[in-house]
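What follows is a short report on a single structure.
The values are calculated or read from the model by the stated rules, or taken from the named source; none is laboratory data. Here the structure is a predicted model, which is why all the values come from computation and not from measurement. Positions of Cβ are generated from backbone atoms using ideal geometry, with glycine treated the same way; all protein chains shown enter the neighbour counts.
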Amino acid sequence: MSKLSKYRDDPALQIITGVCPHDCPDSCSWQVAVDPATGRALDLWGHPDHPVTQGALCTKVDNYLERTYHAGRLTTPLKRVGPKGSGQFAPVSWDDAIGDIAARLQAIIAEHGPEAVLPYSYAGTMGLLQYNGMSARFFHQMGASRLARTICSEAGFNGFLYTIGATEGIETQDYTHAKLILIWGSNTLTSNVHLWQFVQAARSQGATLIAIDPAQTRTARLADEWIPIHPGTDGALALAIMHVIIAEGLHDAGYVARYTVGFEALAQRVAEWPPERAAPLTGVPAARIRDLARTYARTQPAAIRINYGIQRHAGGGMAVRTIACLPALTGAWRQRGGGIQLSASGTFRHLNQDSLHRPDLLAGRSPRTINMNRLGDALSRDPAALGRAYYHPRPVDAPARPKAATPPVHALIVYNSNPAAVAPDQAAVRQGLGREDLFTVVLEHFQTDTADYADYLLPATTQLEHWDIVKPYGHLHLALNRPAIAPLGQSLPNSEIFRRLAAAMGYTDPCFRQDDVTILQELIAAQTHPRFADITWESLLAQGFVRLALPQPYLPFAQGNFPTPSGKCEFYSERMAADGYDPVPTYHPPHWQRVQTSPPMGGDRAADALVCISPPAHAFLNSTFANVERFQRREQTPLLRIHPDDAAPRGIVDGIAVRVGNEHGSVVLTAQITTQLMPGTVLAPGVWWAKASPDGRNINQITTQQEADMGAGAGFYDTQVWVTPLPAADSTENAAIDAAAQSLAVA
Ligand SMILES: Nc1nc2c(c(=O)[nH]1)N[C@H]1C(S)=C(S)[C@@H](COP(=O)(O)OP(=O)(O)OC[C@H]3O[C@@H](n4cnc5c(=O)[nH]c(N)nc54)[C@H](O)[C@@H]3O)O[C@H]1N2
Ligand SMILES: Nc1nc2c(c(=O)[nH]1)N[C@H]1C(S)=C(S)[C@@H](COP(=O)(O)OP(=O)(O)OC[C@H]3O[C@@H](n4cnc5c(=O)[nH]c(N)nc54)[C@H](O)[C@@H]3O)O[C@H]1N2
Ligand code: SF4
Ligand SMILES: [Mo]
């Protein structure tokens, strides 16, 4: 019996419609059964009428009440009483907390200016209001440093824009119509599970599914074929595929002539990329590349799903820019179920959020922008490090000069994020967070790794407890979230916390007194683009979710109409040239391939480095859910997956503790030996809370602040590590590894 039918017929219960707030393409609509007598939520399930949710939630959110009512939920404001970072707090009243925080911020602004205050937030909730509504207004009014929100998708996002013009593509439901599906750098069954039903429907009608991934993920295991690839080398594979397609005349000359620019330049470039050149770089045999190119060009409709895993590398932007050329070359866009999807966020690009964010409150000021991937550098007292943290997304953007890097950050306000666990170069982040002269405020549901460093820790409500609107990035339905239950304890929505802070700071603009429902109604009313024609407050209230007013089926580029400067798919991009890039697809190797020319295959010497990736764990969502016992049991313990060919020469056997380290730091993980992985690559599912890990650290000890090639994006998976049994077999071996780490740090 479905959960809905279990609760529907009980007249004593209320059923409230909402939407999952998590950073996940699926943005499921949900229904919550509430007992009005007690005010408690009894259960929740996927909305049966939503065309993508189709009545089911993922395993994490299906058990959401275990997180909502978890004993660890923060229920009162807390003030630090122990040493910095100790996580020792005492309860205080909201009035005292807000009053003292405002006084501290006023003092810092008076002494160092408002740029000494840094907001740090990401997508703990994707609800537009709680993600960055009242908070954006607050920091605009203050003139605080701005934050470039680069930690997830910026490299690939910008690469996609150069080729296509916007992150639009195949509508998720239309994968049903494909005859060939390439899942390329995406573990669909973990990170985008609602796509799977459409993939399976296509396969039941004869479609073939191929997964291209360094790991034989649960998705790759269920595919018709797994093509293992070295991390960060997908651009070379795409260049070689295009080589074969053009050399063999398999491209769609009509589509190319009408709807693309730069074919001649592309043909010239890929002539330099025979499969024999890409094979040693990617680890994919030349014959397999040829065959894949032919199958891709000859099978229509052909659908590609890329995800952000392929762009967390030094060359991630160019790789996505290159792969995005494929469907125009073969004319795949002409057909329903043909094309590519990275994200659907661009279908919402006309959403005007000025009424929500109020950028006008900056009143002509233009505060510096800090790259969130460089939080460690940003919190440093060294101006050279702080200068590196200034946002410079393109080669033409000059990095800040050290002397320009002032003032140091004196106050950090964290919401919707857990940087002590998720940000790269954890040692640097923790050193910054541990500064005695840094005033830190954290808004949270739980006492996370980051919360341990707070001077004030403020309890926030969850999606079950507040209003919001979610703009999805995996489908076209905007959704309204109604609160189902009252806030737990004294917790407050982010919006209300910033509303109270604004009042205490003396901010008088009427926008700081608007209530949440008014703000959301105003946001909806402000939309003038025809895509939002069907989306009204009333339709959202009545249905819970409303699709953008786009034709169905929606084939965005069947007749060109690319939102690029030329209006065409840009094989040649003037804009890239102006931004300092090669205007034609090319290969940007991953960092590991730049410092080490031969692939780290086989690992015949224990001192050889391995490439380390740390993609999403199935039962966590980044570091969210990693404190809930059910999901900890599902993920067992912080693991390092390693191929037997790499384990044997290092004396590593299944189940032993290993030390994984490089020039940034080290972490202890449990070895899990598996052949479901490209030799030379190790994989640590992320992101565990550091304090729940054996040595109080997690995998971001070994990740880098180094930006990817575009958008100052993150390089989480472009890192090399040395792996040794713990304790190391003998100390000479450890010394050799430390020496190797030093030499890489210099290189
Ligand atoms: N359960 C769960 N769901 C999630 C998340 C989570 O943590 N857990 N995270 C959410 C977030 S924040 C995001 S951004 C989205 C998307 O999140 P993504 O990080 O894009 O997640 P995946 O789809 O798992 O894609 C990563 C896949 O790419 C592979 N990979 C890594 N490097 C390379 C490479 O260089 N080339 C190729 N071809 N493959 C590579 C990994 O092995 C993995 O299978 O998912 C969201 N959904
Ligand atoms: N090694 C490694 N590191 C990674 C990744 C990886 O693949 N490997 N993935 C990266 C990616 S793709 C991303 S997107 C980032 C994500 O990094 P984060 O955005 O930091 O995501 P989470 O770890 O889920 O932490 C979100 C926090 O927000 C809190 N939260 C949720 N809702 C609310 C709310 O309404 N109010 C307040 N105040 N708090 C709320 C949650 O309790 C949670 O602690 O991590 C990145 N880090
Ligand atoms: S995390 Fe993703 S799949 Fe799970 S309920 Fe939320 S939107 Fe749906
Ligand atoms: Mo992400």
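Points to keep in mind about this one:
- Residue in region 232-258 that is farthest from residue 592 (Cα to Cα), counting only those that are under 31 Å from the mean Cα position of the chain (by Cα) and not small (Gly, Ala, Ser): 242
- In region 609-662, the residues that are among the β-branched types (Val, Ile, Thr) and in contact with a strand residue (DSSP E or B) (Cβ under 9 Å, 6 or more places away or on another chain): 611, 613, 637, 642, 652, 653, 656, 658, 660
- Applying a threshold of 8 Å to beta carbon distances and a minimum spacing of six or more residues, or different chains, the list of pairs starting in region 123-135 at a residue that is more than 14 Å from residue 482 (Cα to Cα) and ending at one that is part of a loop (DSSP other than H, G, I, E, B) and away from ligand 4 (no atom under 16 Å from the Cβ) reads 125/463.
- Among the residues of region 592-605, not a single one is touching a helix residue (DSSP H, G or I) at 6+ places or on another chain (Cβ under 6 Å), modelled with pLDDT of 95 or more and either among the small types (Gly, Ala, Ser) or crowded, with 19+ Cβ neighbours inside 10 Å (or both).
- Applying the condition of being closer than 23 Å to residue 685 by Cβ and among the hydroxyl-bearing types (Ser, Thr, Tyr) to region 175-215 and asking which residue is surrounded by the most Cβ atoms within 10 Å (Cβ to Cβ) yields 186.
- Out of 218, 258, sole residue that is surrounded by fewer than 23 Cβ atoms within 10 Å (Cβ to Cβ) and within 16 Å of ligand 3 (Cβ to nearest atom): 218
- Filter result (of a type in the set (Ser, Thr, Tyr) and within 16 Å of ligand 2 (Cβ to nearest atom)) within region 182-208: 186, 188, 190, 191
- Only listed residue being surrounded by 21 or more Cβ atoms within 10 Å (Cβ to Cβ), small (Gly, Ala, Ser) and over 19 Å from residue 19 (Cα atoms), chosen from 454, 503: 454
- A count restricted to region 498-524 and to residues that are in a helix (DSSP H, G or I) and either over 15 Å from residue 468 (Cα atoms) or not aliphatic (A, V, I, L, M) (or both) stands at 16.
- With respect to the conditions (1) closer than 22 Å to residue 70 by Cα; (2) within 16 Å of ligand 1 (Cβ to nearest atom), residue 472 lacks only one, and its number is (1).
- For region 63-90, the tally of residues that are among the aliphatic types (A, V, I, L, M) and out of contact with any Pro (no Cβ under 7 Å at 6 or more places or on another chain) stands at 4.
- Scanning region 120-132 for residues that are under 18 Å from residue 369 (Cβ atoms) and surrounded by fewer than 24 Cβ atoms within 10 Å (Cβ to Cβ) yields a single hit, 121.
- When we screen 343, 355 for residues that are at pLDDT 95 or above and not in a helix (DSSP H, G or I), the only hit is 343.
- Of everything in region 304-319 that is in a loop (DSSP other than H, G, I, E, B) and in contact with an Asp or Glu (Cβ under 6 Å, 6 or more places away or on another chain), the residue that is nearest to ligand 3 (Cβ to nearest atom) is 313.
- Flag if residue 659 is at pLDDT below 95 and basic (Lys, Arg): no
- Count of residues meeting criterion [within 24 Å of residue 564 (Cβ to Cβ) and either in contact with a strand residue (DSSP E or B) (Cβ under 9 Å, 6 or more places away or on another chain) or outside the structural domain of residue 318 (by TED's automatic domain parsing) (or both)] in region 257-293: 5
- Residue 269 of a type in the set (Lys, Arg) and either under 12 Å from residue 183 (Cβ atoms) or surrounded by 20 or more Cβ atoms within 10 Å (Cβ to Cβ) (or both): yes
- Out of 58, 28, one residue alone is outside the structural domain of residue 622 (by TED's automatic domain parsing), within 30 Å of residue 191 (Cα to Cα) and within 16 Å of ligand 4 (Cβ to nearest atom). It is 58.
- Pairs where the first residue, in region 439-452, is within 16 Å of ligand 3 (Cβ to nearest atom) and the second is part of a loop (DSSP other than H, G, I, E, B) and among the aliphatic types (A, V, I, L, M), C-beta under 8 Å, 6+ apart: 445/74
- Among residues of region 673-695 that are part of a loop (DSSP other than H, G, I, E, B), those with a beta-carbon under 7 Å from a residue that is charged (D, E, K, R) at least six positions away or on a different chain give the pairs 674/641; 679/645; 679/646; 680/646; 685/635; 689/449.
- Residue within region 285-303 that is in a strand (DSSP E or B) and buried (at least 24 other Cβ atoms within 10 Å of the Cβ) present: yes
- Selected residue (criterion: nearest to ligand 2 (Cβ to nearest atom)) from residues of region 134-163 that are touching a Ser or Thr at 6+ places or on another chain (Cβ under 6 Å) and over 30 Å from residue 562 (Cα atoms): 134
- Matching helices (runs of 4 or more DSSP H) fully within region 1-84 where at least 1 residues are β-branched (Val, Ile, Thr): 59-62, 64-68
- Only one of 236, 207, 220, 240 that is assigned by TED's automatic domain parsing to the domain that holds residue 306, touching a Lys or Arg at 6+ places or on another chain (Cβ under 8 Å) and more than 17 Å from residue 319 (Cβ to Cβ): 207
- Contacts under 7 angstrom Cβ, first residue in region 302-313 being in the same structural domain as residue 324 (by TED's automatic domain parsing) and more than 12 Å from residue 188 (Cβ to Cβ), partner charged (D, E, K, R) and in a strand (DSSP E or B), 6 or more apart: none
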